[in-house]
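Working notes for the structure below.
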């Protein structure tokens with residue numbers, strides 16, 4: 001079992017829909033990260049969370065430390081949101097990143 | 001602020017050939033990482049440098065992979081000889097100091113195809 005699990009693996013949505021991507025982890029962490037990877041390969045950091053909730057534009061990330069679970073929400077989705085969304089956690093001692101396998105999102109116009 | 005620069009963007013080689021990738025991190029970033037990302041998987045750490053010293057290379061296949069960061073700035077990753085299973089995207093990332101408050105900044109990656 002992977003230390004970081006994401007669901008769903010693939011998601012197709014219509015433009016304007018509200019999207020939720022989930023991440024569960026089984027290890028102690030110092031922080032959880034949501035990353036976005038476009039088809040070209042580059043990865044952009046969206047959020048770094050250690051508690052609560054963060055919002056940036058149409059993106060909202062939440063974390064429940066007790067349940068070891070985080071969600072990434074996209075409101076009013078748009079085709080340009082199509083990408084792979086990766087959840088990663090950092091180990092509290094070494095700060096090493098442990099990555100999930102990603103959720104491939106496709107938003108149709 | 002200039003981002004993490006990687007070259008080349010794409011490389012196609014035959015098995016048993018050698019290949020090298022280059023990375024220039026964000027100026028002032030002490031920590032540099034090389035990750036291998038196989039299609040459909042998350043990135044896997046190959047090696048982590050702190051300045052010009054190696055912090056973690058436990059998952060680097062040392063019989064064929066090598067990496068250096070001689071002056072503590074840019075870095076090269078080499079594969080010699082390449083195998084079919086090395087086909088992947090090789091991502092370089094840097095962070096200010098590798099600590100909990102320093103997020104990773106990724107380059108655009110090098111997509112390697114071994115035929």
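Peptide A:90-98: average number of partner chain Cβ atoms within 10 Å per residue?
On the way: counts 6, 1, 1, 0, 4, 9, 6, 10, 2.
For peptide A:90-98, the averaged partner shielding equals 4.
When Rg and Dmax are taken over the Cα atoms of the stretch A:43-103, they come to 12.4, 39 Å. Distance between the pseudo-spin-label points of residue B:20 and residue A:94 (7 Å out from Cα toward the beta carbon): 2.9 nm.
Any idea what the alpha-carbon Rg over 2.2 N^0.38 Å comes to for the stretch B:50-115? Before the final figure, lay out the partial values.
On the way: Rg = 13.2 Å, N = 66, 2.2 N^0.38 = 10.8 Å.
Taking the Cα Rg and dividing by 2.2 N^0.38 Å, one obtains 1.22.
The alpha carbons of the protein assembly as shown stretch over 47, 38, 37 Å along the principal axes, in descending order. Between the stretch A:2-16 and the stretch A:56-109, the alpha-carbon centres lie 9 Å apart.
Mind pulling up the Rg/Rh value for chain A? Radius of gyration and Kirkwood radius, both on Cα. Across chain A, the Cα-based Rg/Rh ratio is 0.96.
Full-extension gain between residue B:71 and residue B:39, please, as 0.36 nm times their residue separation minus the C-alpha to C-alpha distance.
On the way: separation 32, 0.36 × 32 = 11.52 nm, distance 3.22 nm.
Once the chain is fully extended between residue B:71 and residue B:39, it gains 8.3 nm.
With only Cα atoms counted, chain B has Rg and Dmax values of 13.3, 41 Å. Modelled spin labels at residue B:96 and residue A:106, positioned 7 Å past Cα toward Cβ, are 4.0 nm from each other.
Counting only C-alpha contacts under 8 Å and six or more residues apart, can you give the relative contact order of chain B as a whole percent? Present the calculation step by step, with values, prior to reporting the outcome.
On the way: 293 pairs, mean separation 42.4, N = 115.
That works out to 37 percent.
Put the Cα centre of the stretch A:21-48 next to the Cα centre of the stretch B:1-61 and the gap is 18 Å.
The numbers here are math on the coordinates, done by the rules we state, and not lab data. Since we're looking at a predicted model, the values are computed, not measured. Neighbour counts run over all protein chains shown; Cβ positions are idealised from the backbone, glycine included.
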